[in-house]
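Below: one structure, written as structure tokens.
Just so it is clear, none of the values below were taken in a lab; they were calculated from the coordinates. Everything numeric in this text was worked out from a predicted model, so none of it was measured. Note: ideal-geometry Cβ built from the backbone for every residue, glycine included; neighbour counts use all protein chains shown.
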Amino acid sequence: MNGFVRVTSGGLAPARMLGSLVQGGRGVNPSRNEHTIAVSCEVSGRGYWSGREVRVVIHPASLGTGVRLIRSDLPSVPVCDASVSQRYDASLRTNLADGEASFQMVEHLMAALYALEIDNCICEINAEELPSLDGSSFGFVEQLSNAGLIVQAAPRKRLVIRDRIRIGTMGGWVEAVPSRAGESYFEYQLSFDDQTPIAPQAFGVDLTPDRFMREVASARTFVTKDQADQIRGSGLASHVTNQDLLVIDQDGPIENEYRFKNECARHKTLDLIGDLALVGVDLIGRFTSFRGGHNLNGQLALKLAEMAALESEISQSGFFRQRKAG
Ligand SMILES: [Zn+2]
């Protein structure tokens, strides 16, 4: 895979510059400017649930745009902001809708954009469900990193966690706690019940573009064989084979192999990153999920978005400046 190159200009630098990977990111260089991609790129495939062929074309966008999703197959080409305020609950995936502009399974694309620090882009999508690819973010990361990065002329907003927030129950929760050294750390603790063939495991990462690419992006979606039988029995995902994701029974993945020993915990970390990306700012803190899923992630994202909006209001009112001066 070609490396990511930072183009340090106001946004008029040459489009594609391939070279060695430049480490950066929230922990290493926490205050950074917004980014977009240098050139458009695209990813195609079929949706897991619908089986529909879909093409995602990702375009550069100006400062302050955020991530916007467009239904290019509909006559009115409706737009939905990739924001937690547009999220609605669904089983085993994260969906967004704004009127006719509805999208399913956005989390793997969102994780790739967030981890690679692509803040502004327009994604034209010609179906409701995003492509499942191999069940991971790898296909998105590959195309986005080839497209290269442009540094834009304003700082990216950040939310620094100052107090512990926990959402959920003893049996499953997600929490945000202050970071020790300004890092942005994501962790998943997997511990399903005794009947599951998936062993307890955990994974955590100080998020940088480089570490995401190497340690998280290729971790795939998984289901147990019982879940797969249930989904296929209900007539959904009939085109999905055992090579398109991990279907796990007592002996491990069926007709497939793990890419990492703790691939399941890594994938859940990927989902956590993708779901919290909907806050729309850089998150400085330690984010951990214990047996959580998209629903709890969504609840935490909503809470964090409220906090970010409040901080933005306070800073605009000059409250922080007055306090510093006083
Ligand atoms: Zn996932």
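List of remarks:
- Subtracting the Cα-Cα distance of ASP194 and LEU63 from 0.36 nm times their residue separation leaves 42.2 nm of extension gain.
- Across the alpha-carbon set of the range 125-267, the Rg to Rh ratio works out to 1.01, Rh being the Kirkwood radius.
- Loop sites here are GluC sites (Glu not before Pro) outside DSSP states H, G, I, E and B with no more than 10 other Cβ atoms within 10 Å. The longest part of the chain free of them is 1-254.
- Cα-based shape type of the range 78-128, given that a ≥ b ≥ c are square roots of the gyration tensor eigenvalues and the cut on a/c is 1.5: oblate
- Subtracting the Cα-Cα distance of ASP98 and ARG52 from their residue separation scaled by 0.36 nm leaves 14.5 nm.
- Rounded to whole Å, the principal axis extents of the Cα atoms in the range 259-305 read 34, 19, 15, largest first.
- The range 249-301 and the range 104-170 have Cα centres spaced 13 Å apart.
- If you count Lys pairs in the range 33-325 whose Cα atoms are under 30 Å apart, skipping same-chain pairs closer than 8 places in sequence, the total is 7.
- The range 120-193 shape via C-alpha gyration tensor axes, a/c threshold 1.5: oblate
- Those residues of the range 63-106 whose amide nitrogen sits under 13 Å from the label point placed on LEU302, 7 Å along Cα→Cβ: 84-90
- In plain terms, the chain from GLU255 to ILE314 could stretch by 15.8 nm, reckoned as 0.36 nm per residue minus the Cα-Cα distance.
- Other residues lying with their Cβ under 12 Å from the Cβ of LYS225 contribute a combined charge of -4, Lys and Arg counting +1, Asp and Glu -1.
- Contact order relative to length of the chain, as percent, for alpha carbon pairs under 8 angstrom and 6 or more apart: 23 percent
- Across the range 293-305, rounded Karplus estimates of 3J(HN,Hα) from the backbone phi angles (6.51 cos²θ - 1.76 cosθ + 1.60, θ = phi - 60°) give x, 4, 5, 5, 4, x, 5, 5, 4, 5, 4, 5, 5 Hz, Gly and Pro being marked x.
- Neighbour net charge for PRO178 - beta-carbon separation under 9 angstrom, K R +1, D E -1: +3
- Classification of the range 33-325 by its C-alpha gyration tensor yields an oblate form. The axis ratio a/c (a ≥ b ≥ c) is 1.5 or more, and b/c is at least a/b.
- ARG211 paired with ARG232, simple spin-label distance in nm, labels 7 Å along Cα-to-beta-carbon: 3.8 nm
- Approximate spin-label separation ILE165-HIS239, in nm, with each point projected 7 Å along Cα-to-Cβ: 3.9 nm
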